[in-house]
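**Q** Following this message is one structure expressed as structure tokens.
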Amino acid sequence: QVQLVESGGGLVQAGGSLRLSCAASGSIFSLNVMGWYRQAPGKQRELVATIYSSGSTNYADSVKGRFTVSRDDAKNTVFLQMNSLKPEDTAVYYCNAQSILYIYWGQGTQVTVSS
């Protein structure tokens, strides 16, 4: 089992920045990819960014050049640095972790970007 706890959401004006953190605990040795998804009201949950154990990353086109995903393996934490935020980035952001057999989710953290 893996537990994920997110932090760092909040309210920010358009053009501002936020940094999300996700601390993992439990059977973290089994994880091969971690990342972030988001879900806006009335929309489906969508991929934002992922980072593999190799260090390779993947981003949604809508956030490329603005968001950066990173990880600190010593602290079992993955981060999402969000710059140049737009009102359309408003959503609940979920931390995600995957092993070969399982997918884990955090409880979500709200990000609201005002225009």
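**Q** Would you confirm whether or not region 98-107 contains a residue that is closer than 19 Å to GLY15 by Cβ and either assigned to a loop (DSSP other than H, G, I, E, B) or in contact with a Ser or Thr (Cβ under 7 Å, 6 or more places away or on another chain) (or both)?
**A** Quick first cut of region 98-107, residues closer than 19 Å to GLY15 by Cβ only: none.
No, region 98-107 has no match at all.
**Q** If you don't mind, another one. Mind telling me which of the residues GLY35, GLY16, GLY55 ends up being more than 14 Å from GLN110 (Cα to Cα), of a type outside the set (A, V, I, L, M, F, W, C) and under 10 Å from the mean Cα position of the chain (by Cα)?
**A** Testing whether each residue is more than 14 Å from GLN110 (Cα to Cα), of a type outside the set (A, V, I, L, M, F, W, C) and under 10 Å from the mean Cα position of the chain (by Cα) leaves just GLY35.
**Q** Please go through region 82-113 and give me each residue that is open to solvent by less than 60 Å² (accessible area, probe 1.4 Å) and either of a type in the set (Asp, Glu) or touching a Pro at 6+ places or on another chain (Cβ under 7 Å) (or both), ordered by number.
**A** ASP89, VAL113
**Q** So LEU4 ticks every box in (1) touching a strand residue (DSSP E or B) at 6+ places or on another chain (Cβ under 7 Å); (2) under 14 Å from GLY108 (Cβ atoms); (3) free of Cβ contacts under 8 Å to residues at least 60 places away in the same chain but one. Which box is left unticked?
**A** It fails just one condition, (3).
**Q** Shifting gears a bit: For region 60-108, which positions are at negative phi and hydroxyl-bearing (Ser, Thr, Tyr)?
**A** Result: SER62, THR68, SER70, THR77, THR90, TYR93, TYR94, SER99, TYR102, TYR104.
**Q** Follow-up. Just to be sure I understand, how many residues within region 24-45 are touching a residue at least 24 places away in the same chain (Cβ under 8 Å) and farther than 25 Å from ASP61 by Cβ?
**A** The total comes to 7.
**Q** Shifting gears a bit: Of all strands (runs of 3 or more DSSP E) completely enclosed by region 1-81, which ones contain at least 1 residues that are of a type in the set (A, V, I, L, M, F, W, C) and surrounded by 13 or more Cβ atoms within 10 Å (Cβ to Cβ)? Walk me through it before giving the result.
**A** Details: elements: 2-7, 10-13, 18-26, 33-39, 46-52, 57-59, 67-72.
The qualifying strands (runs of 3 or more DSSP E) are 2-7, 10-13, 18-26, 33-39, 46-52, 67-72.
**Q** Consider VAL48 against the criteria (1) more than 18 Å from LEU4 (Cβ to Cβ); (2) within 11 Å of the chain's Cα centre (by Cα): it satisfies all of them except one. Which criterion is unmet?
**A** Going through (1) more than 18 Å from LEU4 (Cβ to Cβ); (2) within 11 Å of the chain's Cα centre (by Cα) one by one, VAL48 breaks only (1).
The values are calculated or read from the model by the stated rules, or taken from the named source; none is laboratory data. All values derive from a computational prediction rather than experimental measurement. Quick reminder, even Gly has a Cβ in these numbers, built from the backbone with ideal geometry, and neighbours come from all protein chains shown. We work out accessible area using only protein heavy atoms, side chains counted, and drop any ligands, DNA or RNA first. Shrake-Rupley method; radii C 1.70, N 1.55, O 1.52, S 1.80 Å.
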